[in-house]
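What follows is a short report on a single structure.
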Amino acid sequence: MKKKYIVRLTEEERASCEAPVKKEKGKSEKLRRATILLKADADGPAWDDAKISEAVGCRTRTVENVRQAFVCEGFEAALVRKKRTMSPMAPAKRS
């Protein structure tokens, strides 16, 4: 199946992904997403989603979501996890 969201990193984007991954500095979620982008880069290794998810230790859907965020929303949106718009629980009522 042909990929709908193809990742092509610029030199600056690739450098900003490689720096924290090599130093292993930063939040683990950001490091995971940077690694996913580096492995998914069409001009780089261009791994498939199953191979990336196995190497990084996440679900295939996570890899697909990072690809989609990169193509639709941009580089920064792909690296940073979205904030929730609503709380998962309703606020407690006071009596």
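Readers should treat all values here as calculations from the given coordinates under stated rules, not as data from a laboratory. Note that the structure is predicted; figures quoted are calculated from it, not measured. Here Cβ is always computed from backbone atoms with ideal geometry, including for glycine, and neighbour counts include all displayed protein chains.
Below is a table of values for the structure above.
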item	result
Over the chain, relative contact order from alpha-carbon pairs under 8 Å, at least 6 apart, %	26 percent
Segment 32-85: C-alpha gyration tensor shape, a/c 1.5 cut-off, then a/b vs b/c	oblate
Dipole of the chain [Lys/Arg +1, Asp/Glu -1 at C-beta], most positive-end residue of 46, 16, 66	66
Long-range amide H partners of residue 7 with built H, under 5 Å	42
Cα-projected label distance for residue 8 with residue 30, points at 7 Å along beta-carbon direction, nm	2.8 nm
In segment 2-78, lysine pairs with alpha-carbon atoms under 27 angstrom apart (chain gap of 8 or more, or interchain)	21
Using θ = phi - 60° and Karplus 6.51 cos²θ - 1.76 cosθ + 1.60, couplings along segment 82-88 (whole Hz; Gly, Pro as x)	5, 7, 6, 7, 10, 5, x
Loop-resident sites, the chain, for GluC sites (Glu not before Pro), counting at most 15 other Cβ within 10 Å (DSSP)	24
Loop sites in segment 19-72: trypsin sites (Lys or Arg not before Pro), DSSP, at most 13 other Cβ within 10 Å	25, 27, 59
Check: the chain dipole with +1 on Lys, Arg Cβ and -1 on Asp, Glu Cβ, in debye	700 debye
